[in-house]
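The values are calculated or read from the model by the stated rules, or taken from the named source; none is laboratory data. Model, not experiment: these values are computed from the prediction. All Cβ positions, even for glycine, are placed from backbone atoms using ideal geometry, and neighbour counts span all protein chains on display. Heavy atoms of the whole protein, side chains included, go into the accessibility calculation; ligands, DNA and RNA do not. Shrake-Rupley method; radii C 1.70, N 1.55, O 1.52, S 1.80 Å.
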Amino acid sequence: MAVTEVEAPPPAVPAKRGLLRYNSPLAQVSLLGLICFCCPGMFNALSGLGGGGQVDNDTADNANTALYACFAVFGVLGGAAHNLLGPRVTLLLGALTYPLYAGSFLYYNHHATQAFPVAAGAILGAGAGFLWAAQGAIMTSYPPPNRRGTYISLFWCLFNLGGVFGGLLPFSFNYNRNDKKPVGVNDGTYIGFMAFMLVGAALTVLVLPPARIVRSDGTKATRVTFSSPATEGAEILKLFANWRMLLVLPAAWASNFFYTYQFNHVNGALFTIRTKGLNNVFYWGAQMLGSAGIGYFLDFGFASRRKRGLVGVLAVALVGTAIWGGGLANQLKYNHGELADRIDFKEGRRYAGPFLLYFSYGLLDAMFQSLIYWIIGALANDSEVLSRYVGFYKGVQSAGAAVAWQVDRQKTSLVSQLIVNWGLMTISYPLLALLVFLAVKDEDNSVSSVEDGKEKDSKLSAPTSFH
């Protein structure tokens with residue numbers, strides 16, 4: 001059915017168009033980064049301890065399996081939830097599930113039953129699906145097209161600053177527990193995580209509707225309208241036949257698969273409890289550096305956006321190969337499990353090599369995921385389309401993570417886990433390069449959207465109001 005487009009008058013723009021306006025993309029992406037600093041940032045710090053801070057990994061493995069199995073479903077549905085509810089409600093519903101998860105491990109410290117952590121993990125999986133779908137839609141659609149890499153880096157730095165500060169909690173609360181044998185974290189560590197997560201949930205009420213976001217040049221950031229359940233259901237099904245998403249699928253599957261190995265069998269297996277916290281400070285700090293570096297290059301490296309994407313894939317592939325090669329050399333030293341004599345940060349030379357490896361894993365994670373987000377953001381400018389794309393990415397990512405936690409639960413050899421992680425990332429590089437070559441255009445003067453399996457370019461017009 002043909003639709004006649006009526007030329008709309010330019011949107012009203014505030015007299016002041018500075019970057020720090022509350023309704024600017026920069027302010028809203030920064031607010032989003034603070035929310036994720038408090039919620040998933042602290043969750044990452046908790047997970048990075050290995051075993052959720054417990055001595056036995058089984059409870060955390062089962063809780064994370066439930067978490068990522070639900071995340072796999074609600075990650076895909078999260079894009080629909082965002083399009084139906086808007087970002088504020090979607091983020092709030094997601095953020096409230098994080099303190100429940102941290103609280104379940106506080107409960108486990110006193111009542112050693114897995115039921116509560118596993119149930120809380122499943123609930124968090126649903127909430128995280130909502131939160132990350134809204135996050136992805138905001139982060140990929142609000143920034144100007146030629147500054148997406150910079151905004152992704154800004155978000156990633158704020159988000160991972162949560163992991164940095166979160167790493168200081170177990171380091172400080174457990175500093176005097178220099179146990180060479182395995183030991184769990186104390187109650188204060190979990191209470192600290194819960195306090196930050198509740199603050200993050202409260203911050204979601206400050207998020208503005210997409211229709212109110214205005215860029216510094218006076219253009220509206222997005223044309224999103226509320227959708228309908230029938231439309232969203234149909235569009236979600238189309239994603240599984242969308243060739244762009246099929247090329248993203250291996251990278252999505254790999255992008256959280258390695259956390260189980262890195263958290264449980266590098267940080268969790270090699271270091272004392274206080275050193276685990278300190279390592280997380282640098283692991284998530286490395287993510288800030290990795291994201292900033294790759295983001296700057298993807299925005300400013302070459303005049304051609306397609307060339308920047310292709311060289312970005314090559315750079316991540318080379319760095320990834322070097323880091324996983326170093327990981328294999330380290331893993332061969334302790335293939336039979338945990339070290340009986342844990343490494344402490346005060347041990348100097350003995351600590352330096354494993355620490356550098358764990359730091360490098362964080363660097364690679366941020367480079368890899370920031371690259372994927374940049375590529376997804378370059379596929380479209382429409383927030384509805386991007387929220388579905390990001391939802392698909394997070395859903396597949398979480399399905400891979402759910403499998404990884406159960407692979408670990410089955411006591412799979414550590415060398416095998418490392419090789420699988422390395423192989424998954426290696427397979428994804430040429431497919432991402434192909435996606436950049438086929439789908440990323442050098443021009444930013446049109447909005448690419450996908451309807452009924454066909455590409456359509458439509459000129460930016462005034463956005464429709466929310467109903």
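Taking first residues from the range 273-291 that are closer than 23 Å to ASP187 by Cα and partners that are basic (Lys, Arg), the Cβ contacts under 9 Å between residues at least 6 apart in sequence or on separate chains come to ILE273/ARG177; ILE273/ARG342; ARG274/ARG177; THR275/ARG342; THR275/LYS346.
State whether the residues of the range 143-163 include one that is assigned to a helix (DSSP H, G or I), free of Cβ contacts under 8 Å to residues at least 60 places away in the same chain and either open to solvent by 20 Å² or more (accessible area, probe 1.4 Å) or farther than 29 Å from PHE282 by Cβ (or both). Looking through the range 143-163, none of the residues is assigned to a helix (DSSP H, G or I), free of Cβ contacts under 8 Å to residues at least 60 places away in the same chain and either open to solvent by 20 Å² or more (accessible area, probe 1.4 Å) or farther than 29 Å from PHE282 by Cβ (or both). VAL118 passes every criterion in (1) among the β-branched types (Val, Ile, Thr); (2) in contact (Cβ under 8 Å) with a residue 24 or more places away in the chain; (3) outside any helix (DSSP H, G or I) apart from (3). Can you tell me which residues in the range 359-384 are touching a strand residue (DSSP E or B) at 6+ places or on another chain (Cβ under 8 Å) and open to solvent by less than 10 Å² (accessible area, probe 1.4 Å)? Residues satisfying the conditions are LEU379, ALA380. For the range 26-44, the criterion of being open to solvent by 10 Å² or more (accessible area, probe 1.4 Å), in a loop (DSSP other than H, G, I, E, B), at pLDDT below 90 and on the phi < 0 side of the Ramachandran plot is satisfied by no residue at all. Taking the listed residues LEU339, LEU298, LEU314, the one that is in a helix (DSSP H, G or I) and modelled with pLDDT under 95 is LEU298, with no other qualifying.
Condition check: under 17 Å from TRP156 (Cβ atoms), open to solvent by 10 Å² or more (accessible area, probe 1.4 Å), among the hydrophobic types (A, V, I, L, M, F, W, C) and under 19 Å from the mean Cα position of the chain (by Cα). Does ALA251 satisfy that? No, not satisfied. Mind listing whichever residues of the range 72-98 are within 29 Å of ILE191 (Cβ to Cβ) and open to solvent by 10 Å² or more (accessible area, probe 1.4 Å)? Residues satisfying the conditions are PHE74, ARG88, VAL89, LEU92, LEU93, LEU96, THR97.
For ALA303, the conditions (1) modelled with pLDDT of 90 or more; (2) open to solvent by 50 Å² or more (accessible area, probe 1.4 Å) all hold with the exception of (1). For the range 342-358, the set of residues classified as farther than 15 Å from ASN44 by Cβ, assigned to a helix (DSSP H, G or I) and either touching a residue at least 60 places away in the same chain (Cβ under 8 Å) or open to solvent by less than 10 Å² (accessible area, probe 1.4 Å) (or both) consists of PHE345, TYR351, PRO354, PHE355, LEU357, listed by residue number.
Conditions tested, residue by residue: (1) closer than 25 Å to PHE240 by Cα; (2) part of a helix (DSSP H, G or I); (3) at pLDDT 85 or above; (4) in contact with a helix residue (DSSP H, G or I) (Cβ under 6 Å, 6 or more places away or on another chain).
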| residue | (1), (2), (3), (4) |
| --- | --- |
| ALA60 | no, yes, no, yes |
| ALA66 | yes, yes, yes, yes |
| LEU77 | yes, yes, no, no |
| HIS82 | yes, yes, no, yes |
| TYR98 | no, yes, yes, yes |
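Can you confirm whether the range 413-428 contains a residue that is of a type outside the set (Val, Ile, Thr), closer than 20 Å to VAL118 by Cβ and buried (at least 19 other Cβ atoms within 10 Å of the Cβ)? Among the residues of the range 413-428, not one is of a type outside the set (Val, Ile, Thr), closer than 20 Å to VAL118 by Cβ and buried (at least 19 other Cβ atoms within 10 Å of the Cβ), which makes the answer no. ALA112 fulfils the conditions (1) under 28 Å from ALA72 (Cα atoms); (2) open to solvent by 10 Å² or more (accessible area, probe 1.4 Å); (3) part of a helix (DSSP H, G or I); (4) not polar (S, T, N, Q) except for a single criterion, (3). Residues satisfying the criterion are absent from the range 230-244 (criterion: closer than 19 Å to PRO40 by Cβ, modelled with pLDDT of 85 or more and among the aromatic types (Phe, Trp, Tyr)). Mind counting the residues in the range 303-334 that are farther than 17 Å from PHE355 by Cα and among the polar types (S, T, N, Q)? Number of matching residues: 2. If you go through the range 375-429 and pick out every residue that is over 17 Å from the mean Cα position of the chain (by Cα), closer than 21 Å to LYS220 by Cβ and modelled with pLDDT under 85, you end up with 6.
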